[in-house]
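Chemist: Quick one: the structure is below, questions incoming.
The values are calculated or read from the model by the stated rules, or taken from the named source; none is laboratory data. These figures come from a predicted structure and were not determined experimentally. Here the Cβ positions follow ideal geometry from the backbone for every residue, glycine too, while neighbour counts run over all protein chains shown. SASA here: full protein model, heavy atoms, side chains in, ligands and nucleic acids out. Shrake-Rupley method; radii C 1.70, N 1.55, O 1.52, S 1.80 Å.
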Amino acid sequence: QRHKFWETQPVGQFKDIGNPTLPEGPIEPPTPLSEVKQEPYNLPNLYEWVTCDIHDEQMCDEIYTLLANNYVEDDENMFRFNYSKEFLRWALQPPGYFTAWHIGVRVKTSKKMVAFITGIPARIRVRDEVVNMAEINFLCVHKKLRTKRLAPVMIKEVTRRVHLENIWQAAYTAGVILPTPVATCQYWHRSLNPKKLIDVGFSRLGARMTMSRTIKLYKLPESTVTPGFRKMEIHDVPAVTRLIRNYLSQFIVAPDFDENDVEHWLLPRENVVDSYLVESPETHEVTDFCSFYTLPSSILGNPNYSTLKAAYSFYNVSTATPLLQLMNDALIVAKQKDYDVFNALDVMQNESFLKELKFGPGDGKLHYYLYNYRVRHALKSSELGLVLL
Ligand SMILES: CCOC(=O)c1cnc2ccc(OC)cc2c1SCCC#N
């Protein structure tokens with residue numbers, strides 16, 4: 001029966017949509033820490049909790065393999081996300097992370113990892129309130145255990161462990177509708193390797209279009225065009241922090257990044273995150289910034305290809321270079337690095353460049369959720385300044 005679990009949780013309920021008397025903000029007050037359940041929730045008998053030290057090579061391997069074989073697929077089962085190990089270590093070890101929030105479920109006898117869920121701490125501003133939250137991600141149950149109702153108890157257990165750290169709100173996304181989306185975003189895709197996307201069946205040759213005409217349509221310059229466009233370096237952290245804090249202040253929901261956060265989330269890491277900035281050749285001021293993260297996908301059941309190399313737009317700021325030109329340079333760099341596709345959500349100001357840079361709308365939507373925090377009415381995706389991995 002629909003949302004049996006979510007109707008028991010402090011989240012916006014469908015029945016409350018449009019009720020103007022309900023105030024924006026926390027739905028339930030914090031619980032005194034002494035009253036938070038001290039022991040883990042009970043799992044079905046065959047299974048046990050395991051706290052996952054993602055830094056441990058063997059544990060990281062097990063998590064990588066569980067996700068690579070059982071994590072999210074698109075509706076047509078053409079792709080499955082294939083997060084790399086170095087990406088997982090980056091995603092799960094931001095400043096102030098808690099190992100206890102990286103939670104596995106394994107079979108008591110075989111010790112086989114069969115499920116996973118994570119939280120990381122994040123300061124997220126909602127309008128003018130900065131709230132300490134947990135970002136919940138990587139909820140994955142092995143394909144063979146999907147009917148055992150493991151997800152609700154895993155969500156309750158990560159919530160319990162977050163409460164023990166005196167954090168009472170959370171943010172998460174899903175491709176499915178749950179009570180109640182704070183915003184609903186659309187994926188957009190920019191072909192970089194149109195022949196491969198057509199060969200795997202994601203894209204189709206347009207009417208009256210040949211393959212060579214299609215390749216020409218998506219062709220990009222060999223090199224970037226913006227003077228002063230270069231990779232971000234560690235000494236740029238203060239300037240980039242100023243730039244991105246100012247830029248994100250215009251959105252209703254956005255991360256409250258400090259320099260430590262910027263150093264972790266935006267400094268380039270090979271095969272994980274790429275970030276570039278524009279340093280004015282005259283004034284040496286940092287005026288613009290763009291970034292994308294690397295999330296490959298397994299291509300399912302295709303004899304000729306096994307992996308899709310996908311770049312995902314992350315945080316972009318333009319104050320001097322037109323956003324259109326800045327993002328075209330990002331596409332150029334992604335093509336230089338042999339990505340097959342550059343993906344973006346219609347969040348922030350992305351709508352201003354998507355069509356002109358030849359992105360096409362995806363058929364998947366991404367719904368954003370807040371736990372124990374009511375937002376009176378759903379936001380437009382352009383009011384969202386938050387990109388979750
Ligand atoms: C070619 C465009 O599609 C994707 O890049 C892609 C790749 N892998 C996925 C794995 C699971 C999946 O489940 C929803 C979707 C994809 C998608 S489309 C949505 C992500 C974006 N942009």
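Chemist: With a cut-off of at least 3 residues that are open to solvent by less than 50 Å² (accessible area, probe 1.4 Å), in contact with a strand residue (DSSP E or B) (Cβ under 7 Å, 6 or more places away or on another chain) and in contact (Cβ under 8 Å) with a residue 40 or more places away in the chain, name the helices (runs of 4 or more DSSP H) lying wholly within region 124-218.
Modeler: Passing ranges, in order: 150-163.
Chemist: If the requirement is being open to solvent by less than 10 Å² (accessible area, probe 1.4 Å), within 13 Å of the ligand (Cβ to nearest atom) and either among the hydrophobic types (A, V, I, L, M, F, W, C) or over 20 Å from the mean Cα position of the chain (by Cα) (or both), which of these qualifies: L366, L389, L295?
Modeler: L295
Chemist: The conditions are (1) polar (S, T, N, Q); (2) part of a helix (DSSP H, G or I); (3) over 22 Å from V131 (Cβ atoms), and N260 fails exactly one of them. Which is it?
Modeler: (3)
Chemist: Given the residues M327, M348, which is the only one that is touching a Gly at 6+ places or on another chain (Cβ under 9 Å), touching a residue at least 24 places away in the same chain (Cβ under 8 Å) and surrounded by 20 or more Cβ atoms within 10 Å (Cβ to Cβ)?
Modeler: Going through M327, M348 in turn, just one is touching a Gly at 6+ places or on another chain (Cβ under 9 Å), touching a residue at least 24 places away in the same chain (Cβ under 8 Å) and surrounded by 20 or more Cβ atoms within 10 Å (Cβ to Cβ): M348.
Chemist: For region 95-113, how many residues meet the condition of being surrounded by fewer than 20 Cβ atoms within 10 Å (Cβ to Cβ), within 16 Å of V158 (Cβ to Cβ) and not small (G, A, S)?
Modeler: 3
Chemist: Across region 66-84, which residue is nearest to R146 (Cα to Cα) among those that are more than 6 Å from the ligand (Cβ to nearest atom) and open to solvent by 40 Å² or more (accessible area, probe 1.4 Å)?
Modeler: By that ranking, first place goes to N69.
Per-residue answers, yes or no, for (1) under 25 Å from the mean Cα position of the chain (by Cα); (2) within 29 Å of S381 (Cα to Cα); (3) modelled with pLDDT of 95 or more:
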site	(1), (2), (3)
A174	yes, yes, yes
W188	yes, yes, yes
K195	no, no, yes
V200	yes, no, yes
M209	no, no, yes
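Chemist: Something else: Among the candidates R190, R160, which residue alone is basic (K, R) and more than 13 Å from the ligand (Cβ to nearest atom)?
Modeler: Among R190, R160, only R160 is basic (K, R) and more than 13 Å from the ligand (Cβ to nearest atom).
Chemist: Please work out if E259 is without any contact (Cβ under 8 Å) to a residue 60 or more places away in the chain, open to solvent by 10 Å² or more (accessible area, probe 1.4 Å) and out of contact with any Asp or Glu (no Cβ under 8 Å at 6 or more places or on another chain).
Modeler: In short, yes.
Chemist: When you scan region 352-361, do you find a residue that is under 23 Å from S84 (Cα atoms) and away from the ligand (no atom under 12 Å from the Cβ), even just one?
Modeler: no
Chemist: Right, next: Would you check which residues across region 286-298 are within 28 Å of D329 (Cβ to Cβ) and either part of a strand (DSSP E or B) or of a type in the set (D, E, K, R) (or both) and list them?
Modeler: Answer for region 286-298, where residues must be within 28 Å of D329 (Cβ to Cβ) and either part of a strand (DSSP E or B) or of a type in the set (D, E, K, R) (or both): V286, T287, D288, F289, C290, S291, F292, Y293, T294, S297.
Chemist: For region 298-317, what are the residues that are of a type in the set (V, I, T) and either more than 13 Å from the ligand (Cβ to nearest atom) or buried (at least 21 other Cβ atoms within 10 Å of the Cβ) (or both)?
Modeler: If the condition is that a residue be of a type in the set (V, I, T) and either more than 13 Å from the ligand (Cβ to nearest atom) or buried (at least 21 other Cβ atoms within 10 Å of the Cβ) (or both), then I299, V317 are the ones that fit.
Chemist: Would you please name the residue that is nearest to the ligand (Cβ to nearest atom), looking only at residues in region 319-351 that are under 13 Å from C290 (Cα atoms) and of a type in the set (S, T, N, Q)?
Modeler: That would be N350.
Chemist: Answer with yes or no whether I103 is away from the ligand (no atom under 16 Å from the Cβ), assigned to a strand (DSSP E or B) and under 16 Å from the mean Cα position of the chain (by Cα).
Modeler: Considered against the rule, which asks whether it is away from the ligand (no atom under 16 Å from the Cβ), assigned to a strand (DSSP E or B) and under 16 Å from the mean Cα position of the chain (by Cα), I103 comes out as no.
Chemist: Kindly list the number of the only condition in (1) open to solvent by less than 50 Å² (accessible area, probe 1.4 Å); (2) without any contact (Cβ under 8 Å) to a residue 24 or more places away in the chain; (3) closer than 30 Å to E76 by Cβ that fails for T241.
Modeler: (3)
Chemist: Just checking, which of T180, T173, T184 is in contact with a Cys (Cβ under 9 Å, 6 or more places away or on another chain) and within 30 Å of Q9 (Cα to Cα)?
Modeler: T173 is the lone residue from the list that is in contact with a Cys (Cβ under 9 Å, 6 or more places away or on another chain) and within 30 Å of Q9 (Cα to Cα).
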